[in-house]
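Presented below is the structure to which this report refers.
The values are calculated or read from the model by the stated rules, or taken from the named source; none is laboratory data. Quick caveat, the model's predicted, so the values are computed rather than measured. Please note: Cβ atoms are built from the backbone with ideal geometry, for glycine as well, and neighbour counts cover all protein chains shown. Heads up: the accessible areas ignore ligands, DNA and RNA and are worked out on the full protein's heavy atoms, side chains in. Shrake-Rupley method; radii C 1.70, N 1.55, O 1.52, S 1.80 Å.
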Amino acid sequence: MHPAKSVIYFTTASGAGYGLLVWLSVMGAMGIIPADRTFGMVGFGLAFFLVISGLLSSTAHLGRPERAWRALSQWRSSWLSREGVAAIVTFGPTGLYALGWVMLGQNTGLVGLLGILSALLCLITVYFTSMIYASLKTIPAWNHRLTSVGYLVLSLMSGALLMLVLQISFQMGHTGLMIKLVVGLSALAALLKLTYWRSIQKSPATSTAESATGLGRFGKVRMIESPHGEDNYLLKEMGYKIARKHALKLRQIALVSGFIIPMALVASLGSIAGSYALPVSTLALLSAAIGLAVERWLFFAEAKHVVTLYYGESAV
Amino acid sequence: MTSLPQNPSKVKLGLVIDLDICVGCHACAVNCKEWNTSGKMAPLTDIEPYGAKPDGVWFNRVHTYEAVDEVAGTSRTVHFPRSCLHCDDAPCVTVCPTGASYKREEDGIVLINTDICIGCKLCSWACPYGAREYDEDEGVMKKCTLCIDKIYNENLPEESRVPACVSTCPSGARSFGDLGNPDSDVSKLVAAREGYALMPEQGTKPVNRYLPPRPKKLGNEVAPRMLEHQDDGSDGAGLLARWVDKVLSA
């Protein structure tokens with residue numbers, strides 16, 4: 001599949017934004033992080049920036065962005081529509097919780113209930129985003145039980161890392177729990193992606209050139225003449241192949257940069273001097289950002305679409 | 001509404017494509033383009049039509065495949081027109097976030113309302129058959145309408161009220177009709193020739209059917225003798241000719 005930059009930015013940035021909102025809400029509502037106004041302003045500001053810029057970026061790949069509002073109407077059947085609705089609904093409680101924290105200096109009690117609600121809605125929105133891809137039977141690598149889990153874990157992991165960097169920058173304390181969460185989530189994410197990559201490598205084909213043409217009764221099917229001499233929309237959008245050539249290397253980059261380096265750096269925070277904590281955790285964040293961008297790029301670029309069976313692919 | 005019809009009628013309009021007859025001339029694709037570029041889904045935009053890399057929207061594409069049975073040492077070359085199958089369980093309809101993509105209750109035709117399409121392309125991702133193409137110029141998706149502006153057009157003589165691809169096919173490889181009615185001509189044709197659906201495992205329940213190429217007629221398995229320039233044999237010649245050949249060769 002063609003990896004549109006706008007969609008890669010959307011899923012990674014809004015994923016991290018929602019992850020950060022989850023941790024802000026949970027840590028705030030549980031009374032672990034006090035309702036420090038500056039911290040709240042920067043934390044929620046950053047989270048909303050990531051979420052909103054991601055959502056806006058997702059409209060950049062539309063042919064008619066000015067009609068984007070229409071995408072909210074078909075939530076009964078369409079995951080894309082549900083995702084749009086969930087994103088907007090989430091702004092309600094999350095916005096109120098942020099206001100309670102920043103304006104009233106409160107993040108527990110009744111305000112805390114809003115926090116729990118907003119954390120739930122954030123997770124639902126990320127889940128709906130993942131279902132846009134996971135529901136497509138035509139792309140077996142996405143129509144996979146680990147797709148949604150992957151989106152959720154990566155969102156929580158990148159959000160936790162952002163939260164940790166913020167806690168360290170504002171010297172909020174209580175970093176011990178967040179360090180454990182980042183290390184645990186990075187390890188889980190690495191394990192998930194390894195399992196996922198192994199699984200899509202091994203999965204039996206769902207469709208073949210034989211089933212696509214119904215000509216299997218005569219033998220092995222191959223295309224001998226394309227309908228057109230130049231690439232058409234289908235080949236440009238669905239026939240993306242560069243990633244598969246470098247898939248193994250890119251997976252290693254995603255794994256090391258996205259999960260292993262951040263995990264090691266964050267794990268080392270406990271045993272290094274306090275003044276190094278900010279640069280080290282920032283480095284972990286940068287490394288994770290690069291790794292996650294590569295991971296998401298691969299998620300799109302590596303996935304094969306069954307329509308390529310009509311254009312020379314033998315099994316998908 | 002992008003949910004599938006709640007009370008679909010029994011009518012399921014669709015195409016039956018006979019792969020035994022298709023000669024791969026692309027007339028269906030060309031006439032489709034010609035009719036539809038001024039039809040309901042018009043225009044079928046071309047990008048750089050005379051440039052180095054021409055591209056454009058087509059509803060019909062004709063592939064050619066070879067099916068090889070290496071054990072038996074046989075092969076078949078098959079021309080294969082590919083277009084929208086107007087699926088009963090059309091995933092392109094249910095994924096649409098705007099309601100632009102819909103399946104008609106009365107005859108099952110799958111259409112796009114290009115006035116509200118946002119061009120998110122998700123329908124083309126959901127379709128296993130590559131039936132939907134993106135119009136870069138208009139920023140919306142386009143697809144086969146089964147020539148809805150032709151098949152119901154009372155200004156046309158009745159025999160012309162079939163999709164453009166059907167009326168133009170010079171070999172009669174394409175038929176149009178109601179595949180929901182078991183007594184229709186197309187349904188009978190499908191039953192007689194064991195017509196099949198493409199990629200049934202994708203669960204889309206296509207309406208269109210393809211008729212498989214007929215088995216090869218068994219005959220002389222050996223390729224015909226090549227006429228050679230040098231006349232060095234007399235196999236199969238008559239008695240007199242063989243006698244003359246013998247006498248003169250001596």
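For segment A:220-262, the set of residues classified as closer than 30 Å to A:A160 by Cβ and touching a Gly at 6+ places or on another chain (Cβ under 6 Å) consists of A:A254, A:S257, A:G258, listed by residue number. Do you know which of the residues in segment B:66-99 that are open to solvent by less than 10 Å² (accessible area, probe 1.4 Å) and part of a strand (DSSP E or B) is farthest from the other protein chains (Cβ to nearest Cβ)? Looking at residues that are open to solvent by less than 10 Å² (accessible area, probe 1.4 Å) and part of a strand (DSSP E or B), I get B:P81. Considering only segment B:52-65, state which residues are aliphatic (A, V, I, L, M) and within 7 Å of another protein chain (Cβ to nearest Cβ). Passing the criteria: only B:V62.
Please find, within segment A:53-81, the residue that is nearest to A:A16 (Cα to Cα) out of those that are more than 13 Å from chain B (Cβ to nearest Cβ) and open to solvent by 30 Å² or more (accessible area, probe 1.4 Å). Per the criteria, the residue is A:L55. Given the criteria in contact (Cβ under 8 Å) with a residue 24 or more places away in the chain and farther than 16 Å from A:K193 by Cα, does A:H246 qualify? Judged against the criteria, A:H246 is not a match. On inspection, A:G84 passes the criterion of being in contact with a helix residue (DSSP H, G or I) (Cβ under 6 Å, 6 or more places away or on another chain) and within 9 Å of chain B (Cβ to nearest Cβ).
Taking strands (runs of 3 or more DSSP E) as the structural unit, those lying wholly within segment B:106-155 and holding at least 1 residues that are facing another protein chain (nearest Cβ under 7 Å) correspond to B:132-135, B:140-143. If you filter segment B:64-88 down to residues that are in contact (Cβ under 8 Å) with a residue 24 or more places away in the chain and of a type in the set (A, V, I, L, M, F, W, C), you find that the one that is farthest from B:C28 (Cα to Cα) is B:C87.
Scanning segment B:100-156 for residues that are free of Cβ contacts under 8 Å to residues at least 40 places away in the same chain, open to solvent by 40 Å² or more (accessible area, probe 1.4 Å) and touching a Gly at 6+ places or on another chain (Cβ under 8 Å) turns up just one, B:N113.
Those residues that are more than 20 Å from A:R296 (Cβ to Cβ) and open to solvent by less than 60 Å² (accessible area, probe 1.4 Å), I need them from segment A:181-202; list them, please. Listed by number, the residues that qualify are A:L181, A:V183, A:G184. Restrict the check to segment B:39-48 and report whether at least one residue is within 12 Å of chain A (Cβ to nearest Cβ), part of a strand (DSSP E or B), without any contact (Cβ under 8 Å) to a residue 40 or more places away in the chain and more than 28 Å from B:P8 (Cβ to Cβ). Yes: segment B:39-48 contains one or more residues that are within 12 Å of chain A (Cβ to nearest Cβ), part of a strand (DSSP E or B), without any contact (Cβ under 8 Å) to a residue 40 or more places away in the chain and more than 28 Å from B:P8 (Cβ to Cβ). Scanning segment B:175-207 for residues that are assigned to a helix (DSSP H, G or I) and either away from chain A (no Cβ under 14 Å) or of a type in the set (F, W, Y) (or both) turns up B:D185, B:V186, B:S187, B:K188, B:L189, B:A191, B:A192.
Among the conditions (1) within 30 Å of A:L181 (Cα to Cα); (2) open to solvent by less than 70 Å² (accessible area, probe 1.4 Å), the only one that A:L248 does not satisfy is (2).
Residues in segment B:1-35 that are within 14 Å of another protein chain (Cβ to nearest Cβ) and at pLDDT below 95 were compared, and the one that is most open to solvent (accessible area, probe 1.4 Å) is B:Q6.
What number goes with the only condition from (1) buried (at least 21 other Cβ atoms within 10 Å of the Cβ); (2) over 19 Å from the mean Cα position of the chain (by Cα) that A:L164 does not pass? Among (1) buried (at least 21 other Cβ atoms within 10 Å of the Cβ); (2) over 19 Å from the mean Cα position of the chain (by Cα), the lone unmet condition for A:L164 is (2). Please indicate, with yes or no, whether at least one residue in segment B:219-240 is at pLDDT below 95 and in a helix (DSSP H, G or I). Yes - at least one qualifying residue is present in segment B:219-240. The helices (runs of 4 or more DSSP H) found entirely in segment A:200-245 that carry 1 or more residues being within 7 Å of chain B (Cβ to nearest Cβ) are A:209-213, A:233-238. Among the residues here, B:A173 qualifies as touching an Asp or Glu at 6+ places or on another chain (Cβ under 6 Å) and surrounded by 21 or more Cβ atoms within 10 Å (Cβ to Cβ).
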